[in-house]
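Please read the structure below before turning to the comments.
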Amino acid sequence: MDGSMRTFAAALSVAAVAGSAGAQSPSSGEIERVLGGISWFGQSSIRIEANGKVLYVDPLHYRPGDEADVILITHLHQDHYVPANVKALSKAGTIVVAPVDLGTGNTVLKPGQNATLAGFPVEAVPAYNIRKTQFHPKAAGNDGYVITINGVRVYHAGDTERIPEMKAVHADIALLPLGQTYTFDSVGEAADAAVDTGAKIAIPIHYGTGEGKHTDARCFADALEKRGVKTVILED
């Protein structure tokens, strides 16, 4: 894996998440095109293909034989960060990002920081528990991510409850956890969070493996339909 985990020489800056909120809104067609490149592999494992590039978030599971251009790790829990999987997905030049130094030459992005990675603006945003703080305390500095693809803002929430910072995310597509043991207390809270972000499309993740049920995804969709937000339930 020579060179695959080297430090990425990106322009890194501290920035407010709301900084790009003033940009022109993408068309519904562009949002649908970006949506078509998103795959879910269970838990929080997301693959995004766009502009000839492949990005992964928290690859607990992944497509065999894939090579990633960017790998984003939200935090170090074993269902989110698997070093062997990161290694398997890496090639020369793969950019690996986490909120902490993994000891592998990765790029460190802490909440409130951003960078352009493989041509995609990426913002790290807070992800933490307000009530169940034993699982994801704010002080841990875990990440969610906002990835901008052709003007479309894709928000991967990481492991989080409904937090005030979500109102500054300004997402077009929001991927939100439905497990309810370690993250949101309820499906309704997750739906409220989707509305907080301003998302036009919501995608439920982090359910069906040890916590959360597939029926929760349907309830999530029903709750958001009443509030004018489209839900897309991806097959894991």
Rounding to the nearest 20 debye, state how big the charge dipole of the chain is about its Cα centre with +1 on each Lys and Arg Cβ and -1 on each Asp and Glu Cβ. 240 debye
For Kirkwood radius over Cα pairs in Å, one of (1) 17.9; (2) 17.4; (3) 18.5 was computed from the structure I shared and the rest are decoys. Which label? (2)
Return 185, 172 ranked ascending by Cβ neighbour count within 10 Å, so the fewest neighbours appear first. 185, 172
Quick check on the stretch 137-205: of the DSSP beta bridges with both residues there, what percent are antiparallel, nearest 5%? 40 percent
The chain - percent relative contact order, Cα under 8 Å, separation 6 or more: 17 percent
Calculate how many DSSP beta bridges within the chain are antiparallel, expressed in % of all such bridges and rounded to the nearest 5. 55 percent
Per DSSP H run of n ≥ 4, the term is -39500 (n - 2.57); total these for the chain, divide by its residue number, and report the mean residue ellipticity at 222 nm rounded to 500 deg cm²/dmol. -4500 deg cm²/dmol
Indicate, rounded to the nearest 5 percent, the antiparallel portion of the DSSP beta bridges found entirely in the stretch 68-195. 65 percent
Relative contact order (percent) for the stretch 42-180, with alpha-carbon contacts under 8 angstrom and 6 or more residues of separation? 16 percent
Taking Cα atoms, how many degrees apart are the long axis of helix 187-197 and the longest axis of the chain, rounded to 10 and kept between 0 and 90? 70 degrees
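None of the figures in this text is laboratory data; all of them are computed from the coordinates on show. The structure displayed is predicted, hence computed values, not measured ones. Cβ: placed from backbone, ideal geometry, glycine included. Neighbour counts: every protein chain shown.
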